[in-house]
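Written below as structure tokens is the structure these notes are about.
The values are calculated or read from the model by the stated rules, or taken from the named source; none is laboratory data. What you see is a predicted model; the values in this text were computed from it and never measured. Neighbour counts are summed over all protein chains in view; Cβ atoms, including those assigned to glycine, are modelled from backbone coordinates with ideal geometry.
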Amino acid sequence: MKRSKVEKKLGKHGKQIGKNTVYYSLLLYYAAKSPAIPRSSKLIVLGALSYLVLPIDLIPDFIPVIGLADDATVIVAAVYKIISHIDDDVKNKAKARLKKLFGNDAFEEPIDQQLQ
């Protein structure tokens, strides 16, 4: 069976998209634990991480591709909402954890440049 262009692109970039989502989730996790993050930003983080882990979603996770897209969108939106409060300590902790999860090939491109 011939793969569609979408399937080829997802296969090629899916792993990196997944790593980015995990990295952004880790940024939120470590930001929530940081005393430097304002309480209002922590509420945004708590909401986003809750949406990620709770079984109730707008789009169920078992639907291929689209099911996880809403989770990733919520995570990315939360990161961009609090980006000014994320310091190097939070980024370093998230990168270290990502490296433990994915090994040395965790960063195929400078991931922090995507946050600017």
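Miscellaneous remarks
- Selected residue [modelled with pLDDT under 95 and either of a type in the set (D, E, K, R) or not in a loop (DSSP other than H, G, I, E, B) (or both)] from LEU58, LEU10: LEU10
- Hey, LEU98 buried (at least 17 other Cβ atoms within 10 Å of the Cβ) and either at pLDDT below 80 or not hydrophobic (A, V, I, L, M, F, W, C) (or both) or not: no
- Taken over segment 22-48, the criterion of being within 15 Å of VAL74 (Cβ to Cβ) and without any contact (Cβ under 8 Å) to a residue 12 or more places away in the chain is satisfied by LEU43 alone.
- The requirement of being of a type in the set (A, V, I, L, M), part of a helix (DSSP H, G or I), modelled with pLDDT of 80 or more and surrounded by fewer than 17 Cβ atoms within 10 Å (Cβ to Cβ) is not satisfied by LEU28.
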